[in-house]
Each structure stands twice: as C-alpha cells, then as structure tokens.
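The values are calculated or read from the model by the stated rules, or taken from the named source; none is laboratory data. Computed from a predicted model, the values in this text were never measured in an experiment. Cβ: placed from backbone, ideal geometry, glycine included. Neighbour counts: every protein chain shown.
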Amino acid sequence: MSHSSVEVRNLRHLYPDGTVALGDVSFRISQGESVAIIGANGAGKSTLLLHLNGILTPTGGEVRINDLLLTKGTLATLRRSVGMVFQEPDDQLFMPTVHDDVAFGPLNLGFKGEELERRVRDALERVGVGHLREKAPYNLSGGEKKRVAIATVLAMTPEILVMDEPTSGLDPHARRRLMGLIREFPHTKIFTSHDLDMVLELCPRTIVLHEGKVAADGPTLEIFRDDELLARCRLEKPFLMQGCPVCGKRKAT
Amino acid sequence: MASLDGALLDFKRMERLADGESPLHRLEPRAKLLVTLLFMATVISYDRYAVTAMIPLFIFPVVMLSLGNLPPAYIAGKIALLTPFAVAAGFFNPLFDHEVLLRIGSLEITGGWLSFTSILLRGMLTIGGGLILVALTGFPAICRALEQLGAPRLFAVQLLFLYRYLFVLLEEGGTLSRARELRSVGKRGLGMRSFAPLIGHLLLRTWRRAERIHLAMLARGFTGEFHTTRESRFGGRELLFLSGWSTLFITLRLWNLPRLLGTLVTEFIP
C-alpha cells in the first residue's frame, strides 16, 4: 500500500434542478484511516462518494486523491486508486459469470492472460468466494453478491476503498462476517452507512453530513456522545450505546 | 408475472452457453461472425419460391449445434418462439397468390403457399444461425468482432448497451408486473387503464437503473471498449472454418442439390 490520501476542499455540488447537494465540504483522510460518513437521508452522502471517484464533476472546489487533483486528465489513474463498492450489488454485477465480473475491471486496466487470472483468483479468495467463480451473479444470495461486488473492486488493487452502505440488506451473520472481512483490509477505507453499530466498531473517525455541509468531524465515540449534534442531524446513538432493554443500564457511553 | 422472470432466466441461460469449452467456442469470434453473416446472406438470396433448394442448408445449424455441444431442444424452442415474427411477413401470401405452381397427384400447391413456406424456412434458418452464433460466442465478443471487422465503434457500443438494457428492462418489468399482480387480487386489475402509467414508470425505472449500472462500469475503468477473457487470434483453424463453410454455402446456392439428386435417381434408376 503506497502513500494514499483523500482530500476534499470546499467541495460544492449543485444538481441541474438547482438543489444544493453539497455546499462547501472540506476534509482530509490520510493513509490507512477508516472513516465513516454518516448523515440522514438526503444529507449528501452518496453525492459526496460519487465525487471521490470522479463520477460527478464538482460545481465548485476540488478533490485530491494521493495529492493529485482530480481532473479529466487524471481520472483514469485515480479511478484505479479508488475502488468504489456500490450499495446495490445488483447494479454492480452485470456480467454473465462471477469470474467475468471480477475480470471486468482488470481487463479495462489492460491485464491479460495469467496475470488477469491471478488477480481474479486472489480477489475471490480474499473475500472467501473462490468456489462461486463460475456461477451467475444473479443466482447468489445477498451476502455472496456483496462479497463478489467487493472482489470486483479488489481485483483492481485500489489503495482506497469507498463503500456505500456495505452492510445494508444483509442478515446478521453475513453482516458480522463482512465486517470481519472489512476490518482486515489494509486499505484507506471510507464508508457511508446507517448501520451506526458498524461505524462504532470499524471506524475510529466519523464525519457527519447535514444538509450538504460537514456538521462534525472527529473521533467516532465523541460524536456519538454528543446528543445535541445527533438530534440536530436526525441521527441516533448506536444500539451498543443505548440503554439495555432488560436492566435499563447503558452499556458504554 | 412468473413468465417475465422465466423469460429472463431463459435468456440468461443463452449467455451462459457461450462459456462452453467446445472447439467451436474457442474459434475466433470474427470467423464465426463472418460465416454466420455469409450463411444468412445465402439464405436470403434464394428465389422467393425456393423451398427444397434450401433444405440442405439445415446442415449448418445441425453441425454447429452438435459440434458446439449446445442443447438442441433449448435452441429449437427459441427458434420456434421467434419464427412467428419473421413469418408474419409472409402471412398473407397464400391469400393473394393463387397461381398453382406445383402439383403432387391431385394436390395443387399455389405460389402463395410456396412463398409462405419459403419465408418460414428462411426465418428458421436465419434466426437459428443468429442464436447459435450468440450461444457459441457471447454477445460482447460479437460486438467486439464487429468492431474489429470495421463497424463503427459507436455502433458496436450501442449494440452492447442495447443488449444489456434488455436484461434491465426484463428485470424491472418483472418486479413491476409482480407488484401490479399482487395488488390486483387475482383479477385483471385496472386492465388497460393501468398499463399506460405502468409503461411510463418502467421506462423511468430502467433508465435510472441503467444509469447506476453505467456508473458502476465507469468506476471500474470502462472507457467504451470491451475486452473478453478468451484470448484468440485469427489463425489456420479459423481460415479453414471460414473457407470450408463458404465453399459449401456457395456450392449449395449455385447447384440445387435436391434437384440434382432427384435427376440422378430418375435418370439412372428406371
């Protein structure tokens, strides 16, 4: 993992109908950090993520990946550094077999033959779904689809992993396994999520977005202790920090 | 609506067939594309009353099916499903063309019926040829071959997206019609009245979904070029495949084999 960082400076995004999705967002994420971006529905989380991969073009401000300004010219290089896992695996998996889907990214990067096969194999084994290689993605379970979606991105060996709602729609067991998996990734990690317990477990740092602006940016525990902030941003404490339903005591505050 | 979902799964099976490991699967896509195009051109070039002359051409789908290890019943089912669309073109021929062209004993066959049969055969042959090509090659590889053969890249990309869109359309259509069916409690729902908004809705849904898929493709470095994992180059085997079939098609087109055989039989066997 070479030097990797994400810097967003005064980022603004206006949708064509005039809606301000992001108004002046700034932060810097350094190598190896694991950061959660949380906020209510419509706070601008997904818009922000799409900027980190150059899919949207800023209305104002700038995005720097590894200290390189994201422009049309650097787009191809930077997309290789930033791996994006979308919320809905069905939107991410579109090839006839799992193998072809995982090979899609590396093929676009120009890998062929043995190197290509090695990448596909490694990525699938990394997420523990090597046996699904020849299956059709639409026949997999939700948890398997999510893992394959992550493998499609890992095969491109990005330094930064960006995941939109990684645990949404998973059963408790699949969620737990996925969290264990994500924890082991040495990448710089950026998540958006409504699963605040996952945020508490996986991300030492949290950025709270509210109406397109950064409402708070700091250690996750501190943020979840700030009742006023959480209420203002239409959020809640993670279940782990709420009272115990049996004895009424708080577990960790 | 189970039938839409069923159609989708069936359709996806077609795509999975292209992952087979037969010698035909391993052939360079361009060779298969060219042979199929030549086959179709041959079929179309026959006279409008030609029926028996085209029969020997069935050797092409039969050989490709068996050498390619494709499930004959499945492909035949697909041909049967699609042929009526082709046949619709010749539907009225028997009504308009009453000229008797053929007599078998007391049975008189009019030009209309002959041309109708001819269209039916042509439909079956061309559709069969196309389906076999897709089942042996896979759509992305065909698009790539088209591009390599000089078709404009924009056209090839459009074709590929059209194909992808078909899946999205079927999937979203399945979800939508299931939702409608569940709330129409076994009756016909609002009938035709609900269909117009339903179709508009379908367009918008598929549009957004297609956009998300496109984003996912862009995020993984898609630049408008497709690659296939199968490495192949146009070599001796491809040349043999192409020249073999072309020679056969041209021979069958120039000489009416069934008639030659018939002449032989009637002349030499008293």
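Being more than 30 Å from B:V185 (Cα to Cα), touching a residue at least 60 places away in the same chain (Cβ under 8 Å), surrounded by fewer than 13 Cβ atoms within 10 Å (Cβ to Cβ) and more than 14 Å from chain A (Cβ to nearest Cβ) is the requirement here; does B:S45 meet it?
yes
So how many residues does the stretch B:61-94 have that are at pLDDT 75 or above, assigned to a helix (DSSP H, G or I) and out of contact with any Phe, Trp or Tyr (no Cβ under 8 Å at 6 or more places or on another chain)?
Result for the stretch B:61-94: 22.
How about the stretch A:230-253: which of its residues are of a type in the set (S, T, N, Q) and at pLDDT 75 or above?
A:Q242
Quickly run through the stretch B:148-180 and pick out the residues that are crowded, with 20+ Cβ neighbours inside 10 Å and closer than 15 Å to B:P29 by Cβ.
Listed by number, the list holds a single entry, B:A156.
Just give me the residues in the stretch A:145-177 being part of a helix (DSSP H, G or I) and either within 14 Å of another protein chain (Cβ to nearest Cβ) or in contact with a helix residue (DSSP H, G or I) (Cβ under 6 Å, 6 or more places away or on another chain) (or both), in sequence order.
If the condition is that a residue be part of a helix (DSSP H, G or I) and either within 14 Å of another protein chain (Cβ to nearest Cβ) or in contact with a helix residue (DSSP H, G or I) (Cβ under 6 Å, 6 or more places away or on another chain) (or both), then A:K145, A:K146, A:V148, A:A149, A:I150, A:A151, A:T152, A:V153, A:L154, A:A174 are the ones that fit.
Look at A:I182 and say whether it is hydrophobic (A, V, I, L, M, F, W, C) and touching a residue at least 40 places away in the same chain (Cβ under 8 Å).
no
Could you say which residue among B:V35, B:V62 is among the hydrophobic types (A, V, I, L, M, F, W, C), touching a residue at least 12 places away in the same chain (Cβ under 8 Å), farther than 30 Å from A:P137 by Cβ and more than 14 Å from chain A (Cβ to nearest Cβ)?
B:V35
Please indicate, with yes or no, whether at least one residue in the stretch A:165-183 is among the polar types (S, T, N, Q) and surrounded by fewer than 21 Cβ atoms within 10 Å (Cβ to Cβ).
yes
Mind checking which helices (runs of 4 or more DSSP H) fall wholly inside the stretch B:179-270 and carry at least 1 residues that are within 30 Å of B:F167 (Cα to Cα) and either in contact with a strand residue (DSSP E or B) (Cβ under 6 Å, 6 or more places away or on another chain) or at pLDDT below 80 (or both)?
B:195-219
Quick check on A:P166: is it closer than 23 Å to A:L200 by Cβ and either in contact with a Leu (Cβ under 6 Å, 6 or more places away or on another chain) or not assigned by TED's automatic domain parsing to the domain that holds A:A103 (or both)?
yes
Within the stretch A:143-155, does at least one residue satisfy the condition of being aliphatic (A, V, I, L, M) and closer than 25 Å to A:D226 by Cβ?
No.
Residues of the stretch A:100-110 being more than 7 Å from chain B (Cβ to nearest Cβ) and buried (at least 20 other Cβ atoms within 10 Å of the Cβ), which ones?
A:D101, A:V102, A:P106
Just to be sure before I move on: is A:E33 out of contact with any helix residue (DSSP H, G or I) (no Cβ under 6 Å at 6 or more places or on another chain), closer than 24 Å to A:Y138 by Cα and surrounded by 14 or more Cβ atoms within 10 Å (Cβ to Cβ) in the structure I sent? Walk me through it before giving the result.
On the way: out of contact with any helix residue (DSSP H, G or I) (no Cβ under 6 Å at 6 or more places or on another chain): yes; closer than 24 Å to A:Y138 by Cα: no; surrounded by 14 or more Cβ atoms within 10 Å (Cβ to Cβ): yes.
Spelling it out, it is not the case that A:E33 is out of contact with any helix residue (DSSP H, G or I) (no Cβ under 6 Å at 6 or more places or on another chain), closer than 24 Å to A:Y138 by Cα and surrounded by 14 or more Cβ atoms within 10 Å (Cβ to Cβ).
Could we say that A:L48 is part of a helix (DSSP H, G or I), more than 14 Å from chain B (Cβ to nearest Cβ) and crowded, with 20+ Cβ neighbours inside 10 Å here?
For A:L48, the condition - part of a helix (DSSP H, G or I), more than 14 Å from chain B (Cβ to nearest Cβ) and crowded, with 20+ Cβ neighbours inside 10 Å - is met.
When you scan the stretch A:119-143, how many residues do you find that are more than 13 Å from chain B (Cβ to nearest Cβ) and either polar (S, T, N, Q) or without any contact (Cβ under 8 Å) to a residue 12 or more places away in the chain (or both)?
4
Can you tell me which of (1) under 29 Å from B:L170 (Cα atoms); (2) not in a helix (DSSP H, G or I) is the one A:G61 doesn't meet?
That leaves (1) as the condition not met.
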